[in-house]
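Chemist: Handing you a structure now.
Just so it is clear, none of the values below were taken in a lab; they were calculated from the coordinates. Computed from a predicted model, the values in this text were never measured in an experiment. So basically every Cβ, Gly included, is an ideal-geometry build from the backbone, and we count neighbours across all protein chains shown.
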Amino acid sequence: MEDMIIIAQKNILKAILTVIFPFFFFSGCTTNEVEITESSRSFGSIPQNRNILISHNPFTAAPHIINVSSYDPKEKQRSGSYYNEFDVRALRRNGALGLIARCGKGRKLDEECASFLAAGEKQRMLLGAYYFVLKGVDPTWQADKFVNQIKKIKLTKKLQTPEILLVGDFDSKSSVSDIIKFINRIEQRTGQLPMIYLENSDHLRRVLSGASRSQKQRIAQCPYWIALYSSDRKEMETPNRLMSKYGIWNQWSLWQYSGVYWNKRKSMSVIHNYSFGKYRSPKYYGDMSCPLERNIFNGTVDQLYSFWGKQSWKW
């Protein structure tokens, strides 16, 4: 990883050196010089901030969110820390501030979602849940299934967290109508718009870029969670460039820069990690022994907590 180059006046540098155990958080990861926040955050307090400019590898400093499911491969690939649906201490210890668990896919619920959310709450992590919205299954029905299950989990697990971020993860074959029906139903049921997660899909880019103005405006009301693991596609090498291809959002909120999947049903998973120019993501997260699906927030830690509070369902 690159060494961080601090760009600041001598008096600022002197002040920084007097801070014990500083933690640096990234904001705006698609620029060469990015704003970060020096923070003394504890779980129960808002951090004291001092903004400075640095040039560095953003993956080492950005606020991290981990998304999990029963499907994701979790085999140990090296020595180090581990996690499961009952214990996510290692994720929090390595710096993850939030946990987004899969609630279901199409007609099937994820049997580990409840345990993951309970484990995340124990570590005082920000909680989120996503539903994989399958093509061919009524998106309104899937939205109802999602909300009903999340309400059930809160009740049965006796969760005390006052809010949860809801996410629609859309099938790469989805239509604009599918997406809007899901959005509308989630808002009707909860009073809150869901976050939208999109795979890097040619079909989705084509149908969304060709959507009507009113359809685009509706979808743009939802925060965007972008998936980009590779810079191989021309004109889509960075989150901002990929985002522009949809013609909907002018800002992304979360970036999934590392993904995993089973390799031809074999036990060993393949890990995708973003690498472009100075932005090189490590193969593993901290000292974790297994692959993870990792995400960074497009802002400071303060902004992350503010975003979560604004966008989450007060369930």
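Chemist: So, R0 is 25 Å and r is the distance between the beta-carbons of SER172 and LYS76; what FRET efficiency does that work out to, to 0.05?
Modeler: Efficiency for this residue pair is about 0.25.
Chemist: Within the set LYS157/LYS314; LYS216/LYS245; LYS122/LYS145; LYS108/LYS145, which residue pairs have Cα atoms separated by over 18 Å?
Modeler: LYS122/LYS145
Chemist: While we're on this one: I want to check the label-to-label distance for LYS135 and GLN221. Put each point 7 Å from Cα in the C-beta direction and report it in nm to one decimal.
Modeler: 2.6 nm
Chemist: Between their Cα atoms, which of LYS152/LYS283; LYS105/LYS173; LYS151/LYS181 are more than 25 Å away from each other?
Modeler: Long pairs (Cα-Cα over 25 Å): LYS152/LYS283.
Chemist: If you find the alpha carbon centre of the range 185-210 and of the range 82-111, how far apart are they in angstrom?
Modeler: Comparing the Cα centres of the range 185-210 and the range 82-111, I get a distance of 22 Å.
Chemist: For SER201 and SER214, compute 0.36 nm times the residue count separating them, minus their Cα-Cα distance, and round to one decimal in nm.
Modeler: Stretched out fully, the SER201 to SER214 stretch lengthens by 2.5 nm.
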